[in-house]
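Please read the structure below before turning to the comments.
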Amino acid sequence: MIRATRGWTWTKTALEQLWDLFPQSSEHALRTLLGGLGLSGDDVYKKVGDLSGGERSRVKLAIISMTGGNVLIMDEPTNHLDIDAKEALDAALLDFSGTLILVSHDRYLLGKIPTRILEMRGGEAKSFPGAFDSYLSAIAGRETGGGSCTTAKASGRRKAVSSLKAAARGTVGGGEKAERT
């Protein structure tokens, strides 16, 4: 397993970190890679300890992209990233040709990157093709079509919410005005 922080030294620059791990690479190639991930100009000469969380993530992403692995496991990869870093991560993940195992609460990322969602619940794993929106549609269909106790409870909650909304608008049932007392 290759970790992005293997050989990490806080007192080295971002560029030095990459050179230590990939000594065969030219400065131009490494700077181009870092620049493509949003770390450019004099930022590549900042000490790793002085980089922001998003900038460190960019360096880690550069390391990961240079390793050539075919399985990438990421836990909440967009935490502490700014918008530019998130966009760089999105682009890098879309270009990644291997298997990506991703744990995230970032609905934008989950709507864009996955080709399959794995739901783990009650000791079982179920696979759903597509991104997060497809998964949501599939589980909504599962909940409305089964007639289970959970479905009945969910249906009852939806009816109660609809009734409350109708009362708030001053209408009931087919749109007639509700009486206020």
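Classify the stretch 1-85 as rounded, prolate or oblate from the Cα gyration tensor: take a ≥ b ≥ c as the square roots of its eigenvalues, call it rounded if a/c is under 1.5, otherwise prolate when a/b beats b/c and oblate if not. Rounded. Would you mind classifying the stretch 53-104 by shape? Square roots of the alpha carbon gyration tensor eigenvalues, ordered a ≥ b ≥ c; an a/c under 1.5 is rounded, otherwise it is prolate if a/b is larger than b/c and oblate if not. Prolate shape, in that a/c is at least 1.5 and a/b is the bigger ratio.
Once you sort the root eigenvalues of the Cα gyration tensor of the stretch 37-149 as a ≥ b ≥ c, which label holds: rounded (a/c under 1.5), prolate (a/b larger than b/c) or oblate (the other case)?
Details: a/c = 2.94, a/b = 2.48, b/c = 1.19.
Because a/c hits 1.5 or more and a/b exceeds b/c, the stretch 37-149 counts as prolate.
How much length is gained on full extension from Lys126 to Asp75, taking 0.36 nm per residue of separation minus their Cα-Cα distance?
Working: separation 51, 0.36 × 51 = 18.36 nm, distance 1.96 nm.
Full-extension gain reported as 16.4 nm.
Look at the dipole of the stretch 1-108 built from charges on Cβ: of Ser57, Phe96, Ile73, the Cα furthest out on the positive end belongs to Ile73. Counting only residues at least eight positions apart within a chain, or on another chain, the aspartates and glutamates with an alpha carbon under 13 Å from that of Lys46 are Glu16, Glu55.
Only the coordinates and a few stated rules stand behind these numbers; no lab work does. Because the structure is a prediction, the values reported are computed rather than measured. Please note: Cβ atoms are built from the backbone with ideal geometry, for glycine as well, and neighbour counts cover all protein chains shown.
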